[in-house]
Amino acid sequence: KKNMINFLTTDIYALTAEEYSLGRNNVEVVKQLIAAGIKVIQYREKEKKSGQMYLECLEIRELTKQTGVTFIINDHVDLALLVDADGVHIGQEDLPPVKVRELLGNDKILGLSTHSPEQALAAVSLNCVDYIGVGPIYATKTKKDVCQPVGISYLDYVANNLAIPFVAIGGIKEHNIREVKHHGAKIAAMVTDIVGASDISDKIRSIRSIIS
Ligand code: TZP
Ligand code: MG
């Protein structure tokens, strides 16, 4: 079903964040992520106008399609449909997942951020969400809206009780990814530790040497 295969086999889910990318633009960062062997990439951009985001996503879609990389867009269902991204990731305060699914159709991936066991159970019972985000595990400055870390205990809950695919997120870095893996997260979503690395390939290599 869909483009879930990368999801079920990958270790790192990389997200863009241009302001932390050491002067490199989103497209340049995506090129480096792909060169480093990253198989799932989310375009996350909170500042730009939709015209600019559209052009970037078109380019990223081309690069990811050529290389078999799964391309998810944060928040913007319209953009995802227009550029034929593989899926969309939404939060608790966005449009209802069932309505987003209506727009997306059944072939695209739908991800939903969750921050508590209640939200995770609700996501599962909707029957239209392909994977959930679990976090923020650790403190992070990357996400602007206030969100206290939910900690490892919520990760434990999901890993031990739910069958839905999930990605751990929030403050995950080279120095703590081992703990996240140890607590059952097969996929770690990472932003600043990766896009903020001077050599993205080196960074991915050293993260992978820790978890493999
Ligand atoms: N959702 C929950 S935490 C977060 C998002 C998008 C930001 C994670 O960024 P970082 O830099 O990996 O802590
Ligand atoms: Mg959102």
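Observations, loosely collected:
- Note on the chain: semi-axes of the ellipsoid equivalent to its C-alpha gyration tensor, largest first and rounded to whole Å, are 23, 22, 16.
- Where a label projected 7 Å from the Cα of Arg208 along Cα→Cβ would reach, residues of the stretch 15-37 with amide N under 14 Å: 32-37
- Within the stretch 69-207: Cβ-based charge dipole about Cα centre, in debye rounded to nearest 20 (Lys, Arg +1; Asp, Glu -1): 380
- Summed over qualifying helices (DSSP H, 4 residues or more, each -39500 (n - 2.57)) and divided by its residue number, the chain shows a 222 nm mean residue ellipticity of -12000 deg cm²/dmol.
- Taking label points 7 Å from Cα along the Cα-to-Cβ direction, Cys147 and Gln66 give a separation of 3.3 nm.
- Label reach from Glu59 (point 7 Å along Cα→C-beta): in the stretch 1-40, amide nitrogens under 12 Å belong to 24-32.
- With a Förster radius of 35 Å applied to the beta-carbon distance between Arg178 and Ser116, the computed FRET efficiency rounds to 0.90.
- Farthest toward positive dipole pole in the chain [+1 Lys/Arg, -1 Asp/Glu at C-beta], among Ala36, Ser50, Ile73: Ala36
- Counting only aspartates and glutamates at least 8 places from Lys31 when in the same chain, those with an alpha carbon closer than 13 Å to its own are Glu56, Glu59, Glu62, Asp199.
- Among 23-34, 196-207, the peptide with the highest mean count of other Cβ atoms within 10 Å heads the list, and the full ranking is 23-34, 196-207.
- In range of the label at Arg24: residues from the stretch 150-178 whose backbone nitrogen is under 17 Å from the point 7 Å along Cα→Cβ: 174
Taken together, the values in this text are just the output of simple stated rules run on the coordinates, not laboratory data. Keep in mind that this is a model prediction, so the values were computed, not measured. Cβ sites come from the backbone with ideal geometry, for glycine too, and all protein chains shown count toward neighbours.
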